[in-house]
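Participant: Let me give you the structure first, and then I'll get to my questions.
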Amino acid sequence: MQRMQRAKTAGELRRALAAGRTAGGLTALVPTMGALHEGHLSLIRAARTHGAERVVASIFVNPTQFGPGEDLDAYPRDLAGDMEKLRAAGADLVYTPAPEEMYPAGFATTVRVEGPAKAGLEDAFRPTHFDGVATVVAKLFARTGADMAVFGEKDWQQLQVVRRMTRDLDLPVRILAAPTVREADGLAMSSRNAYLTPEERRIAPGLHRALRAARAAILAGTPPEEACAGALETLKEAGFRPDYLTAREAETLAPAKDARVRPLRLLAAARLGKTRLIDNIAV
Ligand code: AMP
C-alpha cells in the first residue's frame, strides 16, 4: 500500500486488507480512540520495528467501555488531525467505524473478563470498562485478522487483560507492548490531558513523580504498602484526589506485599479537577 487508505465499514476494511494479504507480509493493528498524540504514533512505529508490512490503525471511541457519567460525549475528537498524523507516521490504513457499524441492532454478545480485569484497580472505579474493551478488541482482531496488535504500557491493566483474553480464547494474534511516551516533565501523554486547566497541567506531573518516589522508597527497603501510602499522601498534598496507588505483581496484578515480588509494577489513578489521570512504572 502506498497512500494511506481509509475504511469506514467492515466490508471496506476487508477489501483493503485482501489486496495487501495477497502481497504477503505481516499485518499489525493499532487500536485507538483518536485524538492522537506521540504515544499513539509510537505504537505505529513499534509495529514496523516488529516487522509489520502493513499497519492498520483503528479510531473508535468505544461507547461500551465508558460508564454512565463518564466522558463519552466530551471525549476529544479530531479526525482530520488524526488522519494527518497517521499518514505522517506511516500507517497504511485507518479504520473508522461508526458505533452502529460496530454494534448493529440486535448486538447481544459481550466478552466477560476476569483475572487481571478484576484486580481492584481501574475495575473498582469503572466496573464495566474492561468487558467493553475486551469485546471491541476481540471484534477488531476478527475484522482485521491482524497477525500482531500493539498496545501501550500506559494502560498497563488493559494490556494484561488483552494478553489474558488472547491466550484464553486462543486468538491468533501476537500482543506487543510499547513503553509509555511522556512529556518532558514526566506527564504520561494522554488524550485526556487536553481537559487540564493550566494550573492542573502544572500539578499533573506529580503523579509520575509520586510513582517514582514510591519506587525509590521500595528499592531502598521500605515495604511496598508503606511506600505507596507515603506516595498517596504526597498526591493529596499536591491537590490530587487519588483513586489508588499500589504495588502489584506485573502480570497477574495480584497485590505485592513483598518487595521481592518480581516483576513488580506500581500503578496509580488520580483525579485532578474533572480529569482522571492514570500512570504506572516498573520497579
Ligand atoms: P487510547 O486512544 O487512549 O484508547 O489509546 C490507544 C492505545 O495507545 C492504547 O494501547 C494505549 O495504551 C496507547 N497509549 C495511550 N497513551 C500512550 C502513551 N503516552 N504512551 C504509549 N502508549 C500510549
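The values are calculated or read from the model by the stated rules, or taken from the named source; none is laboratory data. Just so it is clear, the structure is predicted and the values come from calculations on it, not from any experiment. Cβ: placed from backbone, ideal geometry, glycine included. Neighbour counts: every protein chain shown.
Participant: Kindly evaluate residue 55 against the criterion of being surrounded by 21 or more Cβ atoms within 10 Å (Cβ to Cβ) and either free of Cβ contacts under 8 Å to residues at least 40 places away in the same chain or within 15 Å of the ligand (Cβ to nearest atom) (or both).
Facilitator: It is true that residue 55 is surrounded by 21 or more Cβ atoms within 10 Å (Cβ to Cβ) and either free of Cβ contacts under 8 Å to residues at least 40 places away in the same chain or within 15 Å of the ligand (Cβ to nearest atom) (or both).
Participant: Could you say whether any residue in the range 152-162 is away from the ligand (no atom under 13 Å from the Cβ) and modelled with pLDDT of 95 or more?
Facilitator: no
Participant: Identify, by number, the condition in (1) within 15 Å of the ligand (Cβ to nearest atom); (2) surrounded by 13 or more Cβ atoms within 10 Å (Cβ to Cβ); (3) more than 30 Å from residue 28 (Cα to Cα) that residue 192 doesn't meet.
Facilitator: All conditions are met except number (3).
Participant: Right, residue 199: surrounded by fewer than 18 Cβ atoms within 10 Å (Cβ to Cβ), acidic (Asp, Glu) and away from the ligand (no atom under 16 Å from the Cβ) or not?
Facilitator: yes
Participant: Run down 24, 90, 81, 67 and say which single residue is without any contact (Cβ under 8 Å) to a residue 40 or more places away in the chain, surrounded by fewer than 17 Cβ atoms within 10 Å (Cβ to Cβ) and among the small types (Gly, Ala, Ser).
Facilitator: Details: 90 fails: without any contact (Cβ under 8 Å) to a residue 40 or more places away in the chain; 81 fails: without any contact (Cβ under 8 Å) to a residue 40 or more places away in the chain; 67 fails: without any contact (Cβ under 8 Å) to a residue 40 or more places away in the chain.
24 is the lone residue from the list that is without any contact (Cβ under 8 Å) to a residue 40 or more places away in the chain, surrounded by fewer than 17 Cβ atoms within 10 Å (Cβ to Cβ) and among the small types (Gly, Ala, Ser).
Participant: When the range 62-71 is examined, which residues are found to be over 19 Å from residue 150 (Cβ atoms) and not charged (D, E, K, R)?
Facilitator: Answer for the range 62-71, where residues must be over 19 Å from residue 150 (Cβ atoms) and not charged (D, E, K, R): 63, 64, 66, 67, 68, 69.
Participant: Moving on. Look at the range 160-179 and say how many of its residues are within 16 Å of the chain's Cα centre (by Cα), assigned to a helix (DSSP H, G or I) and surrounded by fewer than 22 Cβ atoms within 10 Å (Cβ to Cβ).
Facilitator: 3
Participant: Out of all the residues in the range 12-40, which are in a helix (DSSP H, G or I) and more than 9 Å from the ligand (Cβ to nearest atom)? Before the answer, list the steps.
Facilitator: Residues of the range 12-40 that are in a helix (DSSP H, G or I), as a first pass: 12-23, 38-40.
Scanning the range 12-40 gives 12, 13, 14, 15, 16, 17, 18, 19, 20, 21, 22, 23.
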